[in-house]
Structure formats: C-alpha cells, structure tokens
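Report on the structure given below.
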Amino acid sequence: NPFIKQFCELIPNELTIQSCVLVYPALDVFDELKKSLRFQLFTLPSLINRGDSLIEWFFKFCVLRSSSPDNHIIELSTPIRMLSLAQDFPPCLIVHGRFDSIVPIEASQSFFSELKKLRED
C-alpha cells in the first residue's frame, strides 16, 4: 500500500511507543470470536448476507473498501492475530464498556488474556 509506505517513511527510526490507550478497540475486526452483532432482517446480493457480522462488514466495506481482502491484508489488520509480537507490544490500558453494542467486550478480554499469557512466558 503506497499510503502505508509513505506514512512509515515519515516516522523517525528512533521513535518508540512507550505506552498506548485502547478505547473501545476493534481488536477482532473479522469476528473470529463470533461475538459481534449480525445482520438478521435483510440481504443485499454481493453486499450483505443474512448472518454477516456487522463489524466485519463495516471493516471490509468501509475501512478496507474490499469485499474480499487478501490474506496478507487480513493478517496486518487484525490486532488479535498480531499477538506473536507481544514482546514488542507496549504497556497498555484497555477501556471498554460491558454493554458496547457494536464492538463486543469479549474481544478486548480475549486480547488482554492472550497478551498476559504471552508476557508471562
């Protein structure tokens, strides 16, 4: 992606992230945990199917602008899959409401648990 390449060139090599705050984070954008709201009432051929995850649909069509992104893009855009880099993940505060109706809290809880396990090893 030329935009990402251009953005990365602007970041100084010595820049390091010391900490981060994740507020209502969309960590499971492809709804691998199957906890997101789903379309139930209607379908639009080639756009929405009954049972599709709302967050996955939004991420594909509004963020990635593709109904079928390639696997490389999926890997790079799914924080919950990036936990293999946990030793480099900065300390973080995750803020998430229990009654969030769009981004399920279970994704934040799963992300936190996996990150904690990896750091203990």
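The values are calculated or read from the model by the stated rules, or taken from the named source; none is laboratory data. If you're wondering where the values come from, they're calculated on a predicted model, not measured in any experiment. Every residue, glycine among them, receives a Cβ derived from its backbone with ideal geometry; neighbour counts consider all protein chains shown. The area values use the complete protein model at the heavy-atom level, side chains included, leaving out ligands, DNA and RNA. Shrake-Rupley method; radii C 1.70, N 1.55, O 1.52, S 1.80 Å.
Test each condition in (1) modelled with pLDDT under 85; (2) farther than 18 Å from Val23 by Cβ; (3) within 15 Å of the chain's Cα centre (by Cα); (4) of a type outside the set (D, E, K, R) for Ser53 and report the one that comes out false.
(1)
Any chance region 82-97 includes a residue that's part of a helix (DSSP H, G or I) and within 14 Å of the chain's Cα centre (by Cα)?
Looking through region 82-97, at least one residue is part of a helix (DSSP H, G or I) and within 14 Å of the chain's Cα centre (by Cα).
Might you let me know whether region 61-70 holds any residue that is touching a strand residue (DSSP E or B) at 6+ places or on another chain (Cβ under 7 Å) and over 19 Å from Cys20 (Cβ atoms)?
Within region 61-70, none of the residues are touching a strand residue (DSSP E or B) at 6+ places or on another chain (Cβ under 7 Å) and over 19 Å from Cys20 (Cβ atoms).
Kindly list the number of the only condition in (1) in contact (Cβ under 8 Å) with a residue 12 or more places away in the chain; (2) open to solvent by 40 Å² or more (accessible area, probe 1.4 Å); (3) out of contact with any Pro (no Cβ under 8 Å at 6 or more places or on another chain) that fails for Leu115.
With (1) in contact (Cβ under 8 Å) with a residue 12 or more places away in the chain; (2) open to solvent by 40 Å² or more (accessible area, probe 1.4 Å); (3) out of contact with any Pro (no Cβ under 8 Å at 6 or more places or on another chain) applied to Leu115, the lone miss is (2).
Of all residues in region 43-68, count the ones that are more than 19 Å from Leu33 (Cα to Cα) and surrounded by 10 or more Cβ atoms within 10 Å (Cβ to Cβ).
The total comes to 8.
Looking for whichever is surrounded by 11 or more Cβ atoms within 10 Å (Cβ to Cβ) and modelled with pLDDT of 75 or more here; the options are Pro104, Pro91. Which one fits?
Values: Pro91 fails: surrounded by 11 or more Cβ atoms within 10 Å (Cβ to Cβ).
Going through Pro104, Pro91 in turn, the sole match is Pro104.
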